[in-house]
Amino acid sequence: MFVELMEKTRSFRRFQQDPAPSMDDLKSLIDIARLTPSAGNRQPLKFILVQDKQALPEVFSTLRWAGYLQDWTGPALSEQPTAYIVILSDPEKSKNPGIDVGLAAQSIVLGAQELGFGACLLAAIDRSRLREVLDIPKHLEIELVVALGTPGEEVMLTTVGSDGDIRYWRDDKGVHYVPKRSRDDLIEKTL
């Protein structure tokens, strides 16, 4: 069952506008994130939940999408996310929150899939602009933005070819392909 969830959980970059995650859905994802392990149990993360129709385009304007797709600037207006979770960290609680950020982000993405929504983790962010748009306190660091909504595209896994190219791509029908290395390529040694 967990493997099936992992196979369905992809990075979606195009979304349908309905149904959109409710604020209760977003809060339930934070309940999941807060239960994940935390390095040293420092719990340095904070979250901003965005669902407001006027705030959504403001957040969208601070993000850069799909670096490997050079001819695509991001989702069209009718394909944009319908919610965001901004993951922040408090440097006073942890100077190195990377483990916490990764665990919380994965928990949010898996939880969203379980609720019937798709997600995309974005780190290519105009942080100073996002800080201004959401009035984020200066003492908090912007780590990731999780874009959320009902998936509006098909994403397929494929195997990395003999050339080793891991870049995702789209075919002429808009299907998004994500190459994954094989298990044998990942296992360095067995004892």
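Say the dipole of the range 65-191 comes from +1 at the beta carbon of Lys and Arg and -1 at that of Asp and Glu; which of L115, Y177, S78 then lies farthest toward its positive end?
The residue sitting most towards the positive pole is L115.
In deg cm²/dmol and to the nearest 500, what is the mean residue ellipticity at 222 nm of the chain if only DSSP H runs of at least 4 residues count, each as -39500 (n - 2.57), divided by the residue total?
Value at 222 nm, helices only, nearest 500: -8000 deg cm²/dmol.
What's the longest bit of the chain with no exposed GluC sites (Glu not before Pro), using DSSP loop states and at most 16 other Cβ atoms within 10 Å as the test? Walk me through the numbers before you get to the answer.
Numbers: sites that count: E92, E154, E188.
The longest such stretch corresponds to 1-91.
Could you calculate the FRET efficiency of E132 with K189 from 1/(1 + (r/R0)^6), where r is the beta carbon distance between them and R0 is 45 Å, rounded to 0.05?
Efficiency for this residue pair is about 0.40.
Could you state the number of Å between the C-alpha centres of the range 33-69 and the range 156-191?
27
Which residue, chosen from L157, G98, A55, occupies the Cα position most advanced towards the positive end of the dipole of the chain, where the dipole is computed from +1 (Lys, Arg) and -1 (Asp, Glu) charges on Cβ about the Cα centre?
It is G98, whose Cα lies furthest towards the positive end.
What is the chain's relative contact order, in percent, from Cα pairs under 8 angstrom and six or more apart in sequence? Intermediate values should be presented prior to the final figure.
Numbers: 332 pairs, mean separation 55.7, N = 191.
Here the relative contact order equals 29 percent.
Given a cut-off of 15 Å, what percent of all Cα-Cα pairs of the range 1-52 lie beyond it?
I get 67 percent for the Cα pairs in the range 1-52 exceeding 15 Å.
Which ³J(HN,Hα) values, rounded to whole Hz and listed in residue order, are derived for the range 59-74 from phi using the Karplus coefficients 6.51, -1.76 and 1.60 in 6.51 cos²θ - 1.76 cosθ + 1.60 with θ = phi - 60°, glycine and proline given as x?
Whole-Hz 3J(HN,Hα) from phi for the range 59-74: 5, 3, 5, 9, 10, 10, 10, 6, x, 6, 8, 4, 9, 10, 8, x.
Under 18 Å between alpha carbons: how many lysine pairs meet that in the chain, if sequence neighbours fewer than 8 apart on the same chain are excluded? Show your work: numbers first, answer last.
Working: K8/K180; K27/K46; K27/K53; K46/K93; K46/K95; K46/K138; K93/K138; K95/K138.
The result is 8.
Return the loop-located trypsin sites (Lys or Arg not before Pro) in the range 118-163 (DSSP other than H, G, I, E, B) with at most 10 other Cβ atoms within 10 Å of their own Cβ; answer none if there are none. Let's see the in-between values first.
Details: sites: R127, R129, R131, K138; in loops: K138.
Those satisfying the criteria are K138.
With an 8 Å Cα cut-off and a minimum separation of 6 or more residues, compute the relative contact order for the range 102-191 in percent.
22
Taking the Cα centre of the chain as origin, sum charge times position over the Cβ atoms of Lys and Arg (+1) and Asp and Glu (-1), and report the length of that vector in debye to the nearest 20.
Rounded to the nearest 20 debye, it is 440 debye.
Using a probe of 1.4 angstrom, how much of the accessible area of the chain is carbon and sulfur, in percent?
50
May I ask you to derive the FRET efficiency for L103 and V178 from their Cβ-Cβ distance with R0 = 25 Å, giving the value to the nearest 0.05?
The value I calculate is 0.70.
List the residues, sorted by chain then number, that are 5 or more residues from E143 or on another chain and whose placed amide H is less than 5 Å from its amide H.
For E143, the qualifying residues are I87, L88, S89.
What shape does the range 128-191 take by its C-alpha gyration tensor, where a ≥ b ≥ c are the square roots of the eigenvalues and a/c under 1.5 counts as rounded, a/b above b/c as prolate, and the rest as oblate? Spell out each step's value before the answer.
On the way: a/c = 3.28, a/b = 1.61, b/c = 2.04.
Since a/c reaches 1.5 but b/c is at least a/b, the shape of the range 128-191 is classed as oblate.
Classify the range 71-141 as rounded, prolate or oblate from the Cα gyration tensor: take a ≥ b ≥ c as the square roots of its eigenvalues, call it rounded if a/c is under 1.5, otherwise prolate when a/b beats b/c and oblate if not. Before the final figure, lay out the partial values.
Values: a/c = 2.19, a/b = 1.28, b/c = 1.72.
Judged from the Cα gyration tensor, the range 71-141 comes out oblate (a/c at least 1.5, b/c at or above a/b).
Are there any trypsin sites (Lys or Arg not before Pro) in the range 7-105 that are in a DSSP loop and have at most 11 other Cβ atoms within 10 Å? List them by number.
K53, K95
Shape call for the chain from the C-alpha gyration tensor, a ≥ b ≥ c root eigenvalues: rounded (a/c under 1.5), prolate (a/b greater than b/c) or oblate?
Oblate, since a/c reaches 1.5 and b/c is not below a/b.
The values are calculated or read from the model by the stated rules, or taken from the named source; none is laboratory data. Nothing here was measured: the structure is a model prediction, and the numbers come from that model. Reconstructed Cβ throughout: ideal geometry from the backbone, glycine too, with neighbour counts over all protein chains shown. Accessible surface is based on the protein model in full, side chains and every heavy atom, while ligands, DNA and RNA are left aside. Shrake-Rupley method; radii C 1.70, N 1.55, O 1.52, S 1.80 Å.
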